[in-house]
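Okay, structure first, notes after.
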Amino acid sequence: MFVKSKEDMKKPVSNNAPAPRPGVVPTPSIIGSDVQIEGNVRTQGELQLDGSIVGDLSCGGLVMGESGSVSGTITADTVTIRGHINGEIRARSVRLEKSAVVEGDVYHESLSVESGAKLTGRFAHTNSPVEAASPKQADETPSFVAGKKAAAE
C-alpha cells in the first residue's frame with residue numbers, strides 16, 4: 001500500500017521545517033497547560049499559551065491563559081495576558097486582564113489594564129516597542145572601542 005523505492009530510502013531525511021510562503025497566514029499554535037519549555041520560542045503566527053516557557057518568546061500575537069507563564073522577554077504585535085510574566089513585554093497592543101501578574105516592564109503603543117491585574121514594573125508608551133531599549137539595559141550595556149571600554153557618557 002505505502003511503498004518507498006530504494007532511491008527514496010537513500011535520500012537524506014531533512015529535519016528543517018519548510019519556510020512559510022509569503023502572504024500565507026501561519027496556523028495558530030497552542031501550548032497546553034501540561035507543556036513546559038526551556039528555551040526561546042519564535043513563531044510568526046498566533047500563540048495560545050497555557051503552559052510555561054523559560055526563555056524569550058517572539059510571536060505575531062499572544063493569548064495567555066490563567067495557567068500560562070513566561071520567564072523571559074515577550075515580543076509580539078498583540079498580547080493578552082491572564083497568567084504570570086517574569087520579564088519584559090514589548091508589544092504594539094497590550095491587554096492585562098484581572099488575573100494577570102506581571103513582574104517586569106511593559107513597552108506598548110496601546111495598553112488596557114483590567115481592575116485586579118498586578119504589575120511590578122513600569123509602563124512605557126513608545127511608538128516602536130520592539131526597538132525601544134529599556135533604561136536598565138542601556139545602563140548595563142558597556143561600550144567598547146578597539147577592545148577597550150569607553151568612558152560612560
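Couple of notes before you dig in:
- Which listed residue is surrounded by fewer than 19 Cβ atoms within 10 Å (Cβ to Cβ) and touching a Gly at 6+ places or on another chain (Cβ under 7 Å), from G60, G104, G83: G60
- Matching residues in the range 104-123 - criterion: being closer than 11 Å to I89 by Cα, among the small types (G, A, S) and in contact with a Leu (Cβ under 9 Å, 6 or more places away or on another chain): G104
Where a number appears in this text, it was derived from the coordinates with a stated rule and is not lab data. As the structure is a computational prediction, the values presented were derived from the model and not from experiment. Backbone-built Cβ (ideal geometry, glycine too); neighbour counts: all protein chains shown.
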